[in-house]
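Notes follow the structure.
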Amino acid sequence: HKKTDAAGKPLGIVHRDVSPQNVLVGFDGSVKVLDFGIAKAADQATVTQSGVPKGKFAYMSPEQAVGTHIDSRSDIFALGIVLYELLTGSRLFKRGNEVLTINAVIECAVRPPSEVDPRIPPELDAIVLKALAKKPDQRFQEAGQLERALGDWVRGQNVGPLKEVLHSFLSGLY
């Protein structure tokens, strides 16, 4: 999101397809977002020529689903969906067909994760729900803010740095 051109002008790149299959966690604990195939810079359209929004419907922000202007906060919303689904083990907006899924995204009714699964610490609710705020100006304004909020929560659990926790967890899988 912070990439600039040679003159230092922000490019306003939005991934538009943040979803579980596009997030890679390395065995060293690093996290990478992959597949920028439909990413667009700020001066490019957010919909195809036919007017159909691009991306996976169940991981779109409300503004992306209705085809209005999107920015980096749309990717933060999608990352919030991924985080919600990782925590709860359930799909947030996925419904029986694309129309129902898009309507669920636009409605944006989100139960706190701790209500879905009581094993989830309620302190995570505020972080997840802020990433999933229906209005972009109520979300984290940049991805680094979400990263810091999650990092602060992890540090408060006395389990060590997040990258090391991920590395330890993944190392135990194999």
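The values are calculated or read from the model by the stated rules, or taken from the named source; none is laboratory data. Just so you know, these numbers come straight off a predicted model, no measurement behind them. All Cβ positions, glycine included, derive from the backbone under ideal geometry; neighbour counts span all protein chains shown. Remember, those area values only see protein heavy atoms, side chains included, never the ligands or the DNA or RNA. Shrake-Rupley method; radii C 1.70, N 1.55, O 1.52, S 1.80 Å.
Overview of results
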| read-out | value |
| --- | --- |
| Listed residues Leu150, Ile120, Leu132: farthest to the positive end of the dipole of the chain (Cβ charges) | Leu132 |
| Two-decimal log10 I(q)/I(0) for the chain, as the Debye equation yields it once each C-alpha is a single scatterer, q = 0.15 Å⁻¹ | -0.90 |
| Accessible area of the chain belonging to carbon and sulfur atoms, whole % at 1.4 Å probe | 57 percent |
| Violating pairs (Cα-Cα greater than 29 angstrom) within the set Lys3/Lys56; Lys32/Lys135; Lys9/Lys163 | Lys9/Lys163 |
| Dipole magnitude of the chain, debye to nearest 20 (Cβ charges: Lys/Arg +1, Asp/Glu -1, about Cα centre) | 160 debye |
| Alpha-carbon Rg/Rh ratio, for the range 75-138, with Rh computed the Kirkwood way | 0.96 |
| Residues of the range 50-174: accessible area per residue with a 1.4 Å probe, Å² | 55 Å² |
| The chain, helix-only ellipticity at 222 nm - DSSP H runs n ≥ 4, -39,500 (n - 2.57), divided by all residues, nearest 500 | -11500 deg cm²/dmol |
| Kirkwood Rh and Cα Rg combined as Rg over Rh, evaluated for the range 91-174 | 1.04 |
